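Notes to accompany the following structure.
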Amino acid sequence: MKKATKVTLVIALVLCLLSGIFASFYQSSMGAVTVEDIKVVVDDGRYINGQVYIPKLASPENKLPLIVLSHGSYNNLEHQDLNMIELSRRGFVVISSDAYGHGSSSVLDTGLEVTNMFHIIDYATACFDFIDTDKIGVSGHSMGGQIASLAVQLNFEREANGTGENKIAAICTVGYDPQYTPYEFEGVGEPVDVKIDWGVIAAKYDEWFFTGETGDPRQYLSSDAAISFINQLEGVDISGQVENHKFYKGTIDGEEYIRVINQNNEIHPLNHFSKASCANLIDFFYEVFGVPSGYAKIDSGDQIWQMKEFFNLVGLVGIFVFLFPFADMLICDTKFFGELRQPEPVAAPRLSDGKKKAYYWVTYAINCILPALLVVPVCYKLVGKESFVPFTYNKWFGEPNTNELATWTLIVGLALLAVFFISRALTKQKEEAFVPEYWGLKASGRVIWKSVLLAAVTVFTAYVILFTTDLIFNVDFRIWVIDMRVFNVQKLLYFVAYFPAWVVFYLVNSLLVNGGNRVEGRPEWLTLLLSCIGNIIGIGILIFIQYHGIIANGQFTFNSMRIVNLFPLVFLIPVGSIISRRFFKETGNIYAGSLIIAFLYCMMTVANTMCLGTVL
């Protein structure tokens, strides 16, 4: 093993260690907040995984307000990091939990259920003696907004039916429409007014919500829906347009309440990665609950969560840096894996005349655009059956989102493979058309099997680092919508179900990078640049078309969820290409590097999305 490779391995491990130390440091607001894991077991045996952020001044003698948060669909509790950190450092007790079928909470075999926040509030009020039970607020993003709204509705219902008290004093829905009309409950004669402080945080270019009567989220503030929401307050009568960020105060049945709508220049997925939206949430709970006892007011623009996210990213980078030097150590320093070390094959001189150049660039263009052309037909129509969001699943393939991504990944891989071989057959240069040695396809069964084992050992060790970081520091590795998260047995079983699709795609991707873009005389940097551009340009065009339409005229060209699902791929596929290229140069074939990337990306995918079916 080369000295430079050893140094790289040490750097990777140091990055992961620094990530854990400093992400934890900022997560706890430099030690001012205690972060604890909780597991709430419901009567029927199902459980909810959560985290509670407890400010140091919380005590039975100094009770503090409680804010309960929820993430959106296909996400996990850490997507509320910004709000957990910023509210807790200001003196609010904060709880965020994985919804059922998400993260580390129970997977139900009854489909999607969104009552987890209702149970969390009952648990917190029964178990924590440092909560001011008159100041309990809820908030959630997207599906989390639905969860928060349902928690409010269930509390109102049990109060109206005389079966319990309403424990929630305020709600702020993020990326989700508020309650526009009074509640109607079975057994209750009269509609129940929405007597609660309610705030809304809306993306101006939201892909799903705030469409009002025009279907254009940009016009939400002037929509009948937004105006009716504010006009729930007696003494407030607006027409024309709701004033952005204004706290409207009025009465309902003689009691004073607040309404506010905050519309920010962002898209729906940025709500949980936005300084503006975080500031809106802080301002809302300051307004309705005041400054928590013992704490000085901190301006809502003073935020530190970005530092926690930065160090989460440092760990993610550390893992990607770790993959090659660790595997190379096994190849160079062990007899068993030493067989995998082979020189890089000589590039085939395929661009010696104009005809070959034409075939090459036409094939390259097809490879660029084909994955994007298959997104809607495969994900939205074939698998998704034109559903609003992914919702096709069964017992053995229980993740709707992954079902669409896996099918698309597999079909794209096979389609690109077909294009690769057809383009070479059409050159009519048999001596150069079928040369597996040039492409890294030629390998013995022993080499392929050892490549599988190398991939398994490398990815297993990467996850050992992650689980150790989670155990010691209670943080993981992530940035925005790209997460490397701990998982349970259920997720591991689904990895087994889904990983063949990722294997096919990344084997083909490695073949294209190393057997297609690797040309005699072409510098290494250009090979990688063309490969990375080819990986993402079609997807990038698709994303551009979608968001140009939304921003320009409020029109949605494609189904939004299928486009949002492409965001992580813009980063992950090029990184995978670069790493697999490095392995190709070391092993002389496409197997080790592509298998490592396939195993890692498949596990990251299944661990971070909604699971509605279960094999357990």
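The values are calculated or read from the model by the stated rules, or taken from the named source; none is laboratory data. Since the model is a prediction, treat every value here as computed from it, not as a measurement. Don't worry about glycine lacking a Cβ; one is built from the backbone with ideal geometry, like all the others, and counts go over all protein chains shown.
Before moving on, here are some points about what is shown:
- Only listed residue being at pLDDT below 95 and of a type outside the set (Lys, Arg), chosen from Leu270, Leu316, Leu340, Leu330: Leu340
- Condition met for Val242 (more than 38 Å from the chain's Cα centre (by Cα), part of a loop (DSSP other than H, G, I, E, B) and either modelled with pLDDT under 95 or not basic (Lys, Arg) (or both)): no
- Exactly one residue out of Thr614, Thr557 is assigned to a loop (DSSP other than H, G, I, E, B) and either among the aromatic types (Phe, Trp, Tyr) or under 23 Å from Arg218 (Cα atoms) (or both): that is Thr557.
- Residue list for the range 128-141, filter: out of contact with any helix residue (DSSP H, G or I) (no Cβ under 6 Å at 6 or more places or on another chain) and either at pLDDT below 95 or among the charged types (D, E, K, R) (or both): Asp129, Asp132, Asp134
- Of residues in the range 267-288 being among the charged types (D, E, K, R) and within 19 Å of Ile85 (Cβ to Cβ), the one farthest from the chain's Cα centre (by Cα): Asp283
- Arg522 assigned by TED's automatic domain parsing to the domain that holds Ile366 and not in a helix (DSSP H, G or I): yes
- When Thr392, Thr407, Thr363 are checked against the criterion of being assigned to a helix (DSSP H, G or I), hydroxyl-bearing (Ser, Thr, Tyr) and within 28 Å of Val489 (Cα to Cα), Thr407 stands alone in meeting it.
- Qualifying residue in the range 196-206 (condition: more than 24 Å from Val564 (Cβ to Cβ), touching a Gly at 6+ places or on another chain (Cβ under 9 Å) and modelled with pLDDT of 95 or more): yes
Here's the yes/no breakdown for (1) outside the structural domain of Ala418 (by TED's automatic domain parsing); (2) free of Cβ contacts under 8 Å to residues at least 60 places away in the same chain; (3) of a type in the set (Phe, Trp, Tyr):
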{"site": "Asp333", "(1), (2), (3)": "no, no, no"}
{"site": "Glu339", "(1), (2), (3)": "no, no, no"}
{"site": "Lys357", "(1), (2), (3)": "no, yes, no"}
{"site": "Tyr364", "(1), (2), (3)": "no, no, yes"}
{"site": "Cys379", "(1), (2), (3)": "no, no, no"}
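- Test: residue in the range 185-195 that is on the phi < 0 side of the Ramachandran plot, in contact with a strand residue (DSSP E or B) (Cβ under 9 Å, 6 or more places away or on another chain), modelled with pLDDT under 95 and surrounded by fewer than 15 Cβ atoms within 10 Å (Cβ to Cβ): yes
- Qualifying residue in the range 272-281 (condition: charged (D, E, K, R) and more than 30 Å from Ile563 (Cβ to Cβ)): no
- Only one of Phe505, Phe487, Phe467 that is closer than 30 Å to Ser105 by Cα and more than 18 Å from the chain's Cα centre (by Cα): Phe467
- Selected residue (only one of Asp253, Asp302 is over 30 Å from Ile550 (Cβ atoms), surrounded by fewer than 17 Cβ atoms within 10 Å (Cβ to Cβ) and without any contact (Cβ under 8 Å) to a residue 12 or more places away in the chain): Asp302
- Filtered residue count, the range 317-340, keeping only those that are outside any helix (DSSP H, G or I) and of a type outside the set (A, V, I, L, M, F, W, C): 2
- Note on the range 540-560: residues that are modelled with pLDDT of 95 or more and aliphatic (A, V, I, L, M) total 4.
- Candidates Asn264, Asn244, Asn271 - the one that is within 21 Å of Cys172 (Cβ to Cβ), in the same structural domain as Val94 (by TED's automatic domain parsing) and in contact with a Gly (Cβ under 8 Å, 6 or more places away or on another chain): Asn271
- Filtering the range 13-34 to residues that are surrounded by fewer than 19 Cβ atoms within 10 Å (Cβ to Cβ) and either among the small types (Gly, Ala, Ser) or more than 20 Å from Ile479 (Cβ to Cβ) (or both) leaves Ser24, Met30, Gly31, Ala32, Thr34.
- Residues being among the aromatic types (Phe, Trp, Tyr), touching a residue at least 40 places away in the same chain (Cβ under 8 Å) and in a helix (DSSP H, G or I) - total across the range 106-135: 1
- Within the span defined as the range 569-585, every residue fails to be over 30 Å from Trp439 (Cβ atoms), at pLDDT 95 or above and surrounded by fewer than 24 Cβ atoms within 10 Å (Cβ to Cβ).
- Whenever a residue of the range 591-612 is farther than 11 Å from Tyr506 by Cα, its partners that are surrounded by fewer than 24 Cβ atoms within 10 Å (Cβ to Cβ) and of a type in the set (Asp, Glu), lying with C-beta atoms within less than 7 angstrom and at least six residues away or across chains, give the pairs Met604/Asp483; Asn608/Asp483.
- Comparison of Tyr220, Tyr295 shows that the only residue that is buried (at least 22 other Cβ atoms within 10 Å of the Cβ) and either touching a Gly at 6+ places or on another chain (Cβ under 7 Å) or part of a helix (DSSP H, G or I) (or both) is Tyr220.
- Meets criteria (over 22 Å from His71 (Cβ atoms) and either assigned by TED's automatic domain parsing to the domain that holds Ile121 or assigned to a strand (DSSP E or B) (or both)) for Val138: no
- In the set (1) under 30 Å from Ser29 (Cβ atoms); (2) touching a Leu at 6+ places or on another chain (Cβ under 9 Å); (3) of a type in the set (Ser, Thr, Tyr), the condition left unmet by Thr468 is number (2).
- Residue in the range 184-193 that is in contact (Cβ under 8 Å) with a residue 40 or more places away in the chain and over 24 Å from the mean Cα position of the chain (by Cα) present: yes
- Ile573 being among the aliphatic types (A, V, I, L, M), in a helix (DSSP H, G or I), touching a helix residue (DSSP H, G or I) at 6+ places or on another chain (Cβ under 8 Å) and without any contact (Cβ under 8 Å) to a residue 40 or more places away in the chain: no
- Comparison of Ala462, Ala415, Ala455 shows that the only residue that is within 23 Å of the chain's Cα centre (by Cα), in the same structural domain as Asn589 (by TED's automatic domain parsing) and modelled with pLDDT of 90 or more is Ala462.
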